[in-house]
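The block underneath contains the structure these notes are about, expressed in C-alpha cells.
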C-alpha cells in the first residue's frame, strides 16, 4: 500500500463552540441539513443510521437544480473524538474514507477533517479539482452554524 500521507487531504478548524455542540452538529440529522454541503447548496438527509455499520445518505441540491448524492457507511465512532466513514460524493468523488476528528480545548473545539483516497494519483486529482475550496466552504458553514445556535 502506498504512503498514507500522500493519499490524504486534510483541513483543520477551531470552532468557538464546545465539543458537545460540534458533535451534535455532525451527528443529528436536523443539524446536518443546516450546514452540510458547499455554500449555496440545500441538503436533505435521506438516511442516517449513526452506528458502526450504519449507512448515511444525503442529497445536495445545487442552485442550478442538479442533485448530488453523498453516501457512506460508518466504520468507527468514538463519542466526542472521532467519526470514520466510507464515502462517495457522486459523481465527483468515490471510494474514499472520511475522518472527522474532534478535540476539546476549553470552550472551543479543534477539528480535523481527513479524506483518505485509494491512490496517490486520485488524491492529487481531487486536490486539483478544488478539495480545499469545496470542503473549506462546508466547514465555514459548520463554523457559522455552531457559533450561532
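The values are calculated or read from the model by the stated rules, or taken from the named source; none is laboratory data. This structure is a prediction, so every number in the text was calculated from the model and none was measured. Note: ideal-geometry Cβ built from the backbone for every residue, glycine included; neighbour counts use all protein chains shown.
Of everything in the range 70-110, what is at pLDDT 95 or above, under 20 Å from residue 4 (Cβ atoms) and touching a helix residue (DSSP H, G or I) at 6+ places or on another chain (Cβ under 7 Å)? Give them in sequence order.
Listed by number, the residues that qualify are 83, 100.
In the range 38-57, which residues are in contact with a helix residue (DSSP H, G or I) (Cβ under 7 Å, 6 or more places away or on another chain) and assigned to a strand (DSSP E or B)?
Answer for the range 38-57, where residues must be in contact with a helix residue (DSSP H, G or I) (Cβ under 7 Å, 6 or more places away or on another chain) and assigned to a strand (DSSP E or B): 43, 44, 45, 48.
(1) out of contact with any strand residue (DSSP E or B) (no Cβ under 8 Å at 6 or more places or on another chain); (2) without any contact (Cβ under 8 Å) to a residue 24 or more places away in the chain: which one isn't true of residue 25, the others all being true?
(2)
If I go through the range 61-112 residue by residue, how many of them are under 19 Å from residue 140 (Cβ atoms) and under 13 Å from the mean Cα position of the chain (by Cα)?
Summing the residues that are under 19 Å from residue 140 (Cβ atoms) and under 13 Å from the mean Cα position of the chain (by Cα) in the range 61-112 gives 8.
Which members of the range 28-43 meet the condition of being exposed (fewer than 15 other Cβ atoms within 10 Å of the Cβ), in contact with a strand residue (DSSP E or B) (Cβ under 9 Å, 6 or more places away or on another chain) and more than 29 Å from residue 105 (Cβ to Cβ)?
42 - this is the single residue of the range 28-43 that is exposed (fewer than 15 other Cβ atoms within 10 Å of the Cβ), in contact with a strand residue (DSSP E or B) (Cβ under 9 Å, 6 or more places away or on another chain) and more than 29 Å from residue 105 (Cβ to Cβ).
Assuming residue 10 fulfils every condition listed in (1) in a loop (DSSP other than H, G, I, E, B); (2) within 13 Å of the chain's Cα centre (by Cα) apart from one, which condition is it?
So the condition that residue 10 fails would be (1).
The rows are residues; the columns are (1) under 13 Å from the mean Cα position of the chain (by Cα); (2) surrounded by 15 or more Cβ atoms within 10 Å (Cβ to Cβ); (3) without any contact (Cβ under 8 Å) to a residue 40 or more places away in the chain; (4) on the phi < 0 side of the Ramachandran plot.
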{"residue": "21", "(1), (2), (3), (4)": "no, yes, no, yes"}
{"residue": "47", "(1), (2), (3), (4)": "no, no, yes, yes"}
{"residue": "54", "(1), (2), (3), (4)": "no, no, yes, yes"}
{"residue": "57", "(1), (2), (3), (4)": "yes, yes, yes, yes"}
